[in-house]
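I have placed the structure first, in the form of structure tokens, so that the comments after it can refer back to it.
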Amino acid sequence: MREISEAEIVAVATFGPIWLRTSQGNRRAAEVLWSDPGLSIDRVTTFDPPPGCSAEEASLYILDTVIEHHPAWTSMEFIGARLPPVLARELASCAEGFLHATERGFVLSRRSIET
């Protein structure tokens, strides 16, 4: 899968909090967003998965942290990662909901939110 562009990252950030795997391009996009006075600085988070992690492994690596910080989430888009069966099973065990592949990766949507 191709890497998402800085402009695409900035556009995605208008929809809600984003978590970016640290890379040179993602860091530049994060800095643009952090300097935007119209966005809360905590709207963008960068993270460093263990060295050698694939995009799919990085998705699992950060998932619990994202859920902890955003307990009322209803949908998560994973950009730049494929959805192989093993990842689909792991994600399904984290939240009852729906998974579907997209051109950019995949989306995990929650069926219901516990309050």
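Within region 80-98, is even one residue free of Cβ contacts under 8 Å to residues at least 60 places away in the same chain and closer than 19 Å to A7 by Cα? No, region 80-98 has no match at all. For T65, indicate whether it is at pLDDT 90 or above, of a type in the set (S, T, Y), closer than 26 Å to R110 by Cα and loosely packed, with under 13 Cβ neighbours inside 10 Å. So T65 fits the description; yes. So how many residues does region 24-44 have that are in a loop (DSSP other than H, G, I, E, B), out of contact with any Leu (no Cβ under 9 Å at 6 or more places or on another chain) and surrounded by 13 or more Cβ atoms within 10 Å (Cβ to Cβ)? Counting residues in region 24-44 that are in a loop (DSSP other than H, G, I, E, B), out of contact with any Leu (no Cβ under 9 Å at 6 or more places or on another chain) and surrounded by 13 or more Cβ atoms within 10 Å (Cβ to Cβ) gives 1.
Results for (1) within 17 Å of L60 (Cβ to Cβ); (2) modelled with pLDDT of 85 or more; (3) surrounded by 16 or more Cβ atoms within 10 Å (Cβ to Cβ); (4) among the hydrophobic types (A, V, I, L, M, F, W, C), shown as yes or no for each residue.
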residue: R82; (1), (2), (3), (4): yes, yes, no, no
residue: E90; (1), (2), (3), (4): yes, no, no, no
residue: A95; (1), (2), (3), (4): yes, no, yes, yes
residue: R104; (1), (2), (3), (4): no, yes, yes, no
residue: V107; (1), (2), (3), (4): yes, yes, yes, yes
residue: T115; (1), (2), (3), (4): no, no, no, no
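The values are calculated or read from the model by the stated rules, or taken from the named source; none is laboratory data. A quick note: this is a predicted structure, and the numbers were derived from the prediction, not measured. A quick note on method: Cβ atoms are made from the backbone with ideal geometry, for glycine too, and the neighbour counts reach across all protein chains shown.
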